[in-house]
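*Asks:* Here's a structure for you.
The values are calculated or read from the model by the stated rules, or taken from the named source; none is laboratory data. All of these numbers come straight from a predicted model, not from anything done at the bench. Because the Cβ atoms are built from the backbone with ideal geometry, glycine has one as well, and the counts that use them run over all protein chains shown.
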Amino acid sequence: MHLSLEDLLAARDGEATTEAAAHADSCPECTAEIARLRAVQRALAALPEQRPPQDLWPALRIALASRRHHRRWVLAGRTAAGLAAAFTLVIGVRGGLEAWHEAKIARQTRELVAASQRLEHQLRTADSGGRVVSGRIAGTIVQLEDRIAAIDAKLSRPRAERYPSQDVVSLWQERVRLLDALVSVQTTRTTYVGL
Amino acid sequence: MTGVDELLLARAKTGNEAALETLFRQFEAPVYTLARRLTRTPHDAEDLLQETFLEVVRSIGGFRGEGSFAGWIRKVTASKALMRLRKHGSRVREEELSEELADAVAAHRGHGVAPIATTPERLDLEAALARLPHTARAVTWLHDVEGYSHDEIAAMVGKTASFSKSQLARAHARLREMLAPASEETCT
């Protein structure tokens, strides 16, 4: 009876039980299998590096800048304007079911952008103006802002601005959800926002 | 990953954009590579790279130089990846359920297991790795390459060390099937 794979892996890692180690020492097949597992481990570590298919720095730079500039959500307005223009153009040159679907996505997006802008306005109104907040609340705010910045980075990618899609709608939905949570934190000063 | 120049780090801590870009350029490939091993799709890996770097910029002031900067970034990446894994756990579970039974059988029977009949032709390691169920691949990479212990992985994914061990064994059982030459005889 040979060792199970879990026992062989434990033996490879020097963590085998006394019995398993004794079996491995006396069984050439298990010894060979442990050597093979070591070889796979070495081969995994030696796999070549990969590079992202597109340059992500421009989007990240925007996200970082947007965070630095007091989280003013300037990107949302620009992205919304770009999306609205792109959708209008696309709908203008296509017809039929495809255009209907795109019009639906454009309408959803416009509604979400409007909701997003309303929430941003609320945030500006409720801005703490430098008032001290607790560490936990500050942590929650930063977390939410990071996630919004990450979404803004995705929305600013060329394909998100150029092509209407369900993915873009989902991003705006998530953005609205996070902004709503941020408004809750700012206005009620609670760290629990159900995320 | 390589070490980082102290001056570059100091500039990055002040929010200097050029320094941040240099850091990003230095780490984008290794972080993306790690992200590809720990996420389901290239798109997820891009998101993880962005999230990781946003976190790095936010927390860089707290990096005190205990351990390497490269190691710290890898930890941030792994931690964010596993957070995603926890978040999407149920969806992943559903998708992997069909593969689980075959894997479990293979893992428990040890290296004497016969290849499953549907095994495709021999694959290279990169392709075989990509075909592993998501959780098993992430656990394997973290344990076998990044050097995390089963206890550490268990704590990060909110499971037990036994779960981590069984995922590793399943992954190796599948890798063995996929990498074994078609003519290979199984020992008995």
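*Asks:* What is the number of the single condition among (1) in contact with a Phe, Trp or Tyr (Cβ under 6 Å, 6 or more places away or on another chain); (2) not in a loop (DSSP other than H, G, I, E, B) that residue B:83 does not meet?
*Replies:* (1)
*Asks:* How many residues, within the range B:125-165, are surrounded by 15 or more Cβ atoms within 10 Å (Cβ to Cβ) and free of Cβ contacts under 8 Å to residues at least 12 places away in the same chain?
*Replies:* 5
*Asks:* Within the range B:31-53, is there a residue that is among the β-branched types (Val, Ile, Thr), within 15 Å of residue A:54 (Cα to Cα) and more than 7 Å from chain A (Cβ to nearest Cβ)? Explain how you work it out, then say what you get.
*Replies:* Going residue by residue through the range B:31-53, those that are among the β-branched types (Val, Ile, Thr) are B:31, B:33, B:39, B:41, B:52.
From what's left, within 15 Å of residue A:54 (Cα to Cα): B:31, B:33, B:41.
Within this subset, residues satisfying the condition of being more than 7 Å from chain A (Cβ to nearest Cβ) are B:31, B:41.
Yes, the range B:31-53 contains a residue that is among the β-branched types (Val, Ile, Thr), within 15 Å of residue A:54 (Cα to Cα) and more than 7 Å from chain A (Cβ to nearest Cβ).
*Asks:* Would you check which residues across the range A:30-69 are over 17 Å from the mean Cα position of the chain (by Cα) and aliphatic (A, V, I, L, M) and list them?
*Replies:* Passing the criteria: A:32, A:34, A:35, A:37, A:39, A:40, A:43, A:44, A:45, A:46, A:47, A:65.
*Asks:* Counting just the residues of the range B:2-29 that are crowded, with 18+ Cβ neighbours inside 10 Å and either of a type in the set (A, V, I, L, M) or at the interface with chain A (Cβ under 9 Å from one of its Cβ atoms) (or both), which one comes out nearest to residue B:143 (Cα to Cα)?
*Replies:* Initial filter on the range B:2-29 (crowded, with 18+ Cβ neighbours inside 10 Å): B:4, B:12, B:19-20, B:23-24, B:26-28.
Now narrow it down to the ones that are either of a type in the set (A, V, I, L, M) or at the interface with chain A (Cβ under 9 Å from one of its Cβ atoms) (or both): B:4, B:12, B:19-20, B:23-24, B:28.
Numbers: B:4: 25, B:12: 31, B:19: 32, B:20: 30, B:23: 26, B:24: 26, B:28: 22 Å.
Applying the filter and picking the extreme gives B:28.
*Asks:* Condition (residue is at positive phi and either small (Gly, Ala, Ser) or modelled with pLDDT of 90 or more (or both)) applied to the range B:40-55: is it met by at least one residue?
*Replies:* At the first step, the residues of the range B:40-55 found to be at positive phi are none.
No, because not a single residue in the range B:40-55 is at positive phi and either small (Gly, Ala, Ser) or modelled with pLDDT of 90 or more (or both).
*Asks:* List every residue pair whose Cβ atoms lie under 7 Å apart, where the two residues are 6 or more positions apart in sequence or sit on different chains, the first residue falls within the range A:107-120 and is under 23 Å from residue A:187 (Cα atoms), and the second residue, located anywhere, is part of a helix (DSSP H, G or I) and among the polar types (S, T, N, Q).
*Replies:* These pairs meet every condition: A:112/A:173.
*Asks:* Which of the residues spanning the range B:41-59 are of a type outside the set (Asp, Glu) and surrounded by fewer than 20 Cβ atoms within 10 Å (Cβ to Cβ)? Step through it out loud before you land on a result.
*Replies:* First, the residues of the range B:41-59 that are of a type outside the set (Asp, Glu): B:41-43, B:45, B:48-50, B:52-54, B:56-59.
Passing the criteria: B:41, B:42, B:43, B:58, B:59.
*Asks:* Is it the case that the range B:77-91 has a residue that's among the aliphatic types (A, V, I, L, M) and surrounded by fewer than 19 Cβ atoms within 10 Å (Cβ to Cβ)? Talk me through it step by step, then tell me what you get.
*Replies:* Pass one, the range B:77-91, residues among the aliphatic types (A, V, I, L, M): B:78, B:81-83, B:85.
Checking which are surrounded by fewer than 19 Cβ atoms within 10 Å (Cβ to Cβ) leaves us with B:83.
Yes; the residues of the range B:77-91 include at least one that is among the aliphatic types (A, V, I, L, M) and surrounded by fewer than 19 Cβ atoms within 10 Å (Cβ to Cβ).
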